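Student: The following block contains the structure, expressed as structure tokens.
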Amino acid sequence: MFNLNKRRQAVVPEVVTITTEAAAPAQAFYQSPEELVHQEIKLAVHQKLIDEVGGALFVGDALAPDASDLIRRMIQDAVNVRGELVTRHGLDQLHSQMLDEIRGLGPLEPLLADPLISEIMVNSASQVFVERDGKILPTRVRFQDDAHLLRIIDRVVNAVGRHVDEATPMCDARLPDGSRVNAIIPPLALNGPCLTIRRFSKDPLKIADLVSRQALTEPMAAFIRACVEGKLNIVVSGGTGSGKTTMLNVLSSFIPAGERLVTIEDAAELQLQQPHVIRLETRQANNEGVGAVPQGDLLRNTLRMRPDRIIIGEVRGGEALSMLQAMNTGHEGSLTTIHANTCRDALSRLETMVLMAGMDLPHRAIREQVAAALDLVIQIERSPDGKRRVTQISEIVGMEGEVYLLQDLFRWVPLGRGPEGESLGQHRPTGIVPRCQARLEEKGLAVALGTFQGAQA
Ligand SMILES: Nc1ncnc2c1ncn2[C@@H]1O[C@H](COP(=O)(O)OP(=O)(O)O)[C@@H](O)[C@H]1O
Ligand SMILES: [Mg+2]
């Protein structure tokens, strides 16, 4: 009747100290006498649960209906036996911590419950950072030891049929809510098991949010919208966590309904609202090293699916050439992101990707493909104060000899630091009217010329 073995692991004693103050300062990495008492009580209750209840604590994957009450009573008993004084608040805390331990990601649960946290970074059992509201902060969350952290990692990756051990010490997985998880453990990780969780936001930022957060100006937004509607091929370029996927999602939102869209991603993050969307996701090799389906294969398949536009979450390698060819042959309006530091750098990285894929093409031919395929690069950056913003919008107008001809249309002009260390500056048009203006005009999409002149931004 009870699934004892499967769930046994879930009630192993796990001693942790957690608080819900995710933003506590670094010196908070210590345990008060009160926390130590709480820890002892939890350990005792865990042990009792294993000895007396075992798998009966669960029905399928959920906690049994009376489990919560049972745990509360056991905590009260353990407190009484010890003759400790624990406040009502303390009892409630113990209770919710124990429930977290048993069913979820243990000490990480309170962090997952905080909607302002976008990234959870477990550097080791005793060091957990979060990104909260754009800022990176240490937390008081810790694991009992490496074994405890490994058990939590196991729980995450087992749920998607994978595992980590010495032979396969790195793994990507996804939480049921769509959050992306990466685990890397010794011997590759030198400080012990490491876990990074990129929260999935059910409610991604919209263009209005980006404008109100001053990631770009209203006129820049209007121009970008016209470019997407007018089927320009656009690359969003930036570092990790700079907001590339967010921007790609916003760009995609400008695509008129009625077009057939195919998205290709390593981990599906895009949330398109159009009615006609096919979502594809790559597959990693299984533990025997077989069955991998990379982006390039999905792209080849996509070309047989009659897409109007192709949206690739992030170009990383072998698929770069096929992507350029697709953009050059009837799939205008395609969108992607790339990891690069400037608009020009984005182009040279694309080139390198094509070369690395082993294509025996002359350098010049590759450059010509790049220049012909792409129309616009949008560069974004995360500044040290946590703000994400567009720092450059460049148009690719062709080649001159061996060199790309790029013209900046908008730039972020930094103007030093404010009193609280925040980066000051202004988005400014460069005064150049883009070549694509004519193309947009033909389609009745052109924005006012003033958009590209100083007064507007
Ligand atoms: N302009 C912005 N202002 C505030 N937060 C942003 C902005 N753009 C993105 N973010 C947030 O930054 C985090 C990382 O964004 P994401 O688009 O996933 O970055 P990338 O794809 O470059 O790694 C997400 O939590 C996202 O909600
Ligand atoms: Mg991304």
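Student: Looking at (1) away from ligand 1 (no atom under 16 Å from the Cβ); (2) farther than 25 Å from Ile207 by Cα, which is the only condition Arg316 fails?
Tutor: (1)
Student: Could you check how many residues of region 190-231 are at pLDDT 95 or above, more than 12 Å from ligand 1 (Cβ to nearest atom) and more than 17 Å from the chain's Cα centre (by Cα)?
Tutor: Total meeting the criteria: 15.
Student: While we're looking at this one, here's another question. Just give me the residues in region 345-391 being open to solvent by 50 Å² or more (accessible area, probe 1.4 Å) and among the aliphatic types (A, V, I, L, M), in sequence order.
Tutor: Listed by number, the residues that qualify are Leu355, Met356, Met359, Leu361, Ala372.
Student: In region 236-257, which residue that is of a type in the set (Val, Ile, Thr), near ligand 1 (Cβ under 6 Å from one of its atoms) and assigned to a helix (DSSP H, G or I) is farthest from Leu335 (Cα to Cα)?
Tutor: Looking at residues that are of a type in the set (Val, Ile, Thr), near ligand 1 (Cβ under 6 Å from one of its atoms) and assigned to a helix (DSSP H, G or I), I get Thr246.
Student: Would you mind telling me which numbered condition in (1) of a type outside the set (Asp, Glu); (2) touching a Phe, Trp or Tyr at 6+ places or on another chain (Cβ under 8 Å); (3) open to solvent by 50 Å² or more (accessible area, probe 1.4 Å) Ala159 fails?
Tutor: (2)
Student: Which is among the β-branched types (Val, Ile, Thr), more than 30 Å from Gln273 (Cα to Cα), surrounded by 20 or more Cβ atoms within 10 Å (Cβ to Cβ) and at pLDDT 90 or above, of Val128, Val181, Val141?
Tutor: Working: Val181 fails: more than 30 Å from Gln273 (Cα to Cα); Val141 fails: at pLDDT 90 or above.
Within the list Val128, Val181, Val141, the selection yields Val128.
Student: Condition (residue is at negative phi, in a strand (DSSP E or B), within 16 Å of ligand 2 (Cβ to nearest atom) and not aliphatic (A, V, I, L, M)) applied to region 202-214: is it met by at least one residue?
Tutor: So far as region 202-214 goes, no, none of its residues is at negative phi, in a strand (DSSP E or B), within 16 Å of ligand 2 (Cβ to nearest atom) and not aliphatic (A, V, I, L, M).
Student: Separate question: Could you tell me which numbered condition Leu405 fails, if it satisfies all but one of (1) more than 16 Å from ligand 1 (Cβ to nearest atom); (2) assigned to a strand (DSSP E or B); (3) open to solvent by less than 50 Å² (accessible area, probe 1.4 Å); (4) free of Cβ contacts under 8 Å to residues at least 40 places away in the same chain?
Tutor: If we test Leu405 against (1) more than 16 Å from ligand 1 (Cβ to nearest atom); (2) assigned to a strand (DSSP E or B); (3) open to solvent by less than 50 Å² (accessible area, probe 1.4 Å); (4) free of Cβ contacts under 8 Å to residues at least 40 places away in the same chain, just (3) comes out false.
Student: Given the criteria assigned to a strand (DSSP E or B), open to solvent by 40 Å² or more (accessible area, probe 1.4 Å) and under 17 Å from Ser348 (Cβ atoms), does Leu415 qualify? Please lay out each step first, then the result.
Tutor: Working: assigned to a strand (DSSP E or B): yes; open to solvent by 40 Å² or more (accessible area, probe 1.4 Å): yes; under 17 Å from Ser348 (Cβ atoms): no.
Answer is no for this residue.
Student: Further question on the same structure: Which of the following residues is in contact (Cβ under 8 Å) with a residue 40 or more places away in the chain, hydrophobic (A, V, I, L, M, F, W, C) and closer than 25 Å to Glu395 by Cα: Met305, Met327?
Tutor: Exactly one of Met305, Met327 is in contact (Cβ under 8 Å) with a residue 40 or more places away in the chain, hydrophobic (A, V, I, L, M, F, W, C) and closer than 25 Å to Glu395 by Cα, namely Met327.
Student: Turning to a different aspect of this structure: Being under 30 Å from Met220 (Cβ atoms) and either open to solvent by 30 Å² or more (accessible area, probe 1.4 Å) or not assigned by TED's automatic domain parsing to the domain that holds Met353 (or both) is the filter here; which residues of region 279-310 pass it?
Tutor: Passing the criteria: Arg279, Asp308.
The values are calculated or read from the model by the stated rules, or taken from the named source; none is laboratory data. All of these numbers come straight from a predicted model, not from anything done at the bench. So basically every Cβ, Gly included, is an ideal-geometry build from the backbone, and we count neighbours across all protein chains shown. Side chains included, ligands, DNA and RNA excluded: accessible areas come from the protein's heavy atoms. Shrake-Rupley method; radii C 1.70, N 1.55, O 1.52, S 1.80 Å.
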